[in-house]
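J.: One structure follows; several queries about it will come next.
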Amino acid sequence: MRHTLPTAPQFYVTAPQPCPYLDGKVERKLFTALFGDGAKTLNDSLSAQGFRRSQNVLYRPTCPGCSACMSARVVAAGFEPSRSQRRVLKRNHALSREVKAPWATEEHYELFEKYLDHRHADGGMAGMDMYEFAAMIEETPVQSRVIEYYETDDRGKKILKAACLTDVLHDGLSMVYSFFDPDLKNRSMGAFIILDHIRMAREAGLPYVYLGFWVPGSQKMNYKANYRPLEVFKDGIWHPLTDEMVEDVRDDPLGNDPVAEQVAAIHLPPQT
């Protein structure tokens, strides 16, 4: 008897665990595997429906009694930097950008370790070894790039200051994970990387920069509301972010739809 893998994506739900963004909340994720010839098309389609990629998995929150997490994307053509954002660009004007294939290097890993030690020492990635880091960068079945930012010292040597693993979607750039030299705390490197991705999207004629999840009421995620026009994915469609949405941190008593209804509402690309 011959067994074949299902051609349509299969969706699953993770076990409950403490929410990393809101105290007292429980997190669950709806996810599917990303593989094969249709991986890029599936990544494009589900990214436009609020999913995020981590290696060969696409996921989005499906938390019981809570629908706070919303996928967010910047409308690149409409973005105008604020005065403080223009200062960030000016402070980092000497950085040079290089776009590379998704291949992990020791230089990447050293900077990544330093970043985690200073910024996320108690986070889920703390203690990640070189092999795990390489898997995060290299295990990608879609069109991914590592965006590197260098500074040149007085002897002409290039020094890596920041990097971002970025997916190239049909309608934008998706920032999967970024890290930078924490010693440059006065340079607002995280903000600069986002601003430069908006600039790259414009240069490439791509309409959006996907920033991951925005969570009203979470200090970790508040910064994403600074890049407007911003759209958030809620109730199956993208909505422009408003000041009222930023200020409204009330619980949604109905939470998310049942998982079966969520899966039924997902629009999948045609199977080839």
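Every read-out reported here was derived from the displayed coordinates using simple, explicitly stated rules and does not represent laboratory data. What you see is a predicted model, and the numbers here were worked out from it, not measured in a lab. Glycine also receives a Cβ, built like all others from the backbone with ideal geometry; neighbour counts cover every protein chain displayed.
J.: Give the long-range amide H neighbours of Val26: residues separated by 5 or more places, or on another chain, with amide H under 5 Å away, using H modelled in the peptide plane at 1.01 Å from N.
T.: Long-range HN contacts for Val26: Cys19.
J.: To continue, here is another question. If Lys and Arg each add +1 and Asp and Glu each add -1, what is the summed charge of the other residues whose beta carbon sits under 9 Å from the beta carbon of Tyr59?
T.: Values: positive: Lys29, Arg52, Arg53, Arg60; negative: none.
That sum, taken over residues with Cβ under 9 Å, equals +4.
J.: With +1 on each Lys and Arg Cβ and -1 on each Asp and Glu Cβ, and nothing else charged, work out how big the dipole of the stretch 76-208 is about its Cα centre, in Debye to the nearest 20. Don't jump to the answer; show the numbers that get you there.
T.: Numbers: 18 positive and 22 negative charges, 199 e Å.
In total the dipole reaches around 960 debye.
J.: Quickly rank 221-229, 17-25 as a protection proxy: mean count of other C-beta atoms within 10 Å, highest first. Intermediate results must be reported in sequence, preceding the final value.
T.: Values: 221-229: 17.1, 17-25: 13.8.
Put in order of decreasing packing, that is 221-229, 17-25.
J.: Specify the angular offset, from 0 to 90 degrees and rounded to the nearest 10, of the alpha carbon long axis of helix 106-119 from the longest principal axis of the alpha carbons in the chain.
T.: With both axes taken from Cα atoms, the answer is about 80 degrees.
J.: Now for a different question. Could you tell me the largest-minus-smallest coordinate of the C-alpha atoms of the stretch 179-251 on each of the three principal axes, in descending order and whole angstroms?
T.: 37, 31, 17
J.: Still on this model: For the stretch 1-128, which semi-axes, largest first and in whole Å, follow from the square roots of 5 times the eigenvalues of its Cα gyration tensor? Spell out each step's value before the answer.
T.: Values: eigenvalues 196, 95, 78 Å².
In descending order the semi-axes read 31, 22, 20 Å.
J.: Please report Trp238, Trp103 as a ranked list, fewest other C-beta atoms within 10 angstrom at the top and most at the bottom.
T.: Values: Trp238 19, Trp103 10.
Ranking Trp238, Trp103 by Cβ neighbours within 10 Å, fewest first, gives Trp103, Trp238.
J.: At 4 °C and 1.567 mPa s, what whole-number value in µm²/s does Stokes-Einstein give for the translational diffusion of the chain, with Rh from the Kirkwood sum over Cα pairs? Walk me through the numbers on the way to the answer.
T.: Numbers: Rh = 19.8 Å.
Estimated via Stokes-Einstein, D reaches 65 µm²/s.
J.: Using amide H atoms built 1.01 Å from N in the peptide plane, name the residues 5+ places from Lys234, or on other chains, whose amide H lies under 5 Å from its own.
T.: Counting only residues 5 or more places away or on other chains, the set is His239.
J.: Among Ser67, His93, Met128, flag the residue with its Cα farthest along the positive direction of the charge dipole of the chain, charges on Cβ as +1 for Lys/Arg and -1 for Asp/Glu.
T.: The Cα lying farthest towards the positive end belongs to His93.
J.: I've got another one for you. Which of Lys100/Lys158; Lys40/Lys224; Lys185/Lys220; Lys114/Lys224; Lys25/Lys234 have a Cα-Cα distance over 21 Å? Show your work: numbers first, answer last.
T.: Details: Lys100/Lys158 15 Å; Lys40/Lys224 26 Å; Lys185/Lys220 16 Å; Lys114/Lys224 23 Å; Lys25/Lys234 19 Å.
From Lys100/Lys158; Lys40/Lys224; Lys185/Lys220; Lys114/Lys224; Lys25/Lys234, over 21 Å: Lys40/Lys224; Lys114/Lys224.
J.: Now for a separate question. Along the stretch 74-89, what does the Karplus equation 6.51 cos²θ - 1.76 cosθ + 1.60 (θ = phi - 60°) give for ³J(HN,Hα), rounded to whole Hz, x for Gly and Pro?
T.: For the stretch 74-89, the Karplus-derived couplings read 8, 7, 4, 5, x, 6, 10, x, 6, 4, 5, 5, 5, 5, 4, 4 Hz, x marking Gly and Pro.
J.: Comparing Ile194, Ile147, Ile159, which has the greatest mean-square fluctuation in the GNM of the chain with Cα pairs linked when under 10 Å apart?
T.: Ile159
J.: Please report the net charge: other residues with Cβ closer than 9 Å to the Cβ of Tyr208, K and R +1, D and E -1.
T.: Values: positive: Arg73; negative: Asp171, Glu231.
Taking every Cβ under 9 Å from that of Tyr208, the sum is -1.
J.: For the stretch 76-208, what's the relative contact order in percent, using C-alpha pairs closer than 8 Å and at least 6 residues apart? All intermediate terms of the calculation are to be shown ahead of the outcome.
T.: On the way: 181 pairs, mean separation 39.4, N = 133.
Once divided by the residue count of the stretch 76-208, the mean separation gives 30 percent.
J.: Okay, helix-only estimate at 222 nm for the chain: each DSSP H run of n ≥ 4 adds -39500 (n - 2.57), divide by all residues, round to 500 deg cm²/dmol; what do you get?
T.: On the way: 7 runs with 69 residues, N = 272.
Taken over the chain, the calculation gives -7500 deg cm²/dmol.
J.: Something else: Over 27 Å apart: what share of the alpha carbon pairs of the stretch 76-208 falls there, rounded to a whole percent? Provide the component values of the computation, followed by the final result.
T.: On the way: 1738 of 8778 pairs.
Distances greater than 27 Å cover 20 percent of the Cα pairs.
J.: Please quote Rg/Rh for the stretch 117-272 to two decimal places, taking the Kirkwood radius as Rh and restricting both calculations to Cα atoms. Spell out each step's value before the answer.
T.: Working: Rg = 18.4 Å, Rh = 18.5 Å.
Answer for the stretch 117-272: 0.99.
J.: Defining a contact as two alpha carbons under 8 Å apart and six or more residues distant in sequence, what relative contact order in percent does the stretch 127-190 show? Spell out each step's value before the answer.
T.: Numbers: 75 pairs, mean separation 14.5, N = 64.
RCO, the stretch 127-190: 23 percent.
J.: From Cα pairs below 8 angstrom and at least 6 apart in sequence, can you work out the relative contact order of the chain, rounded to a whole percent?
T.: Working: 459 pairs, mean separation 69.4, N = 272.
It comes to 26 percent, rounded to a whole number.
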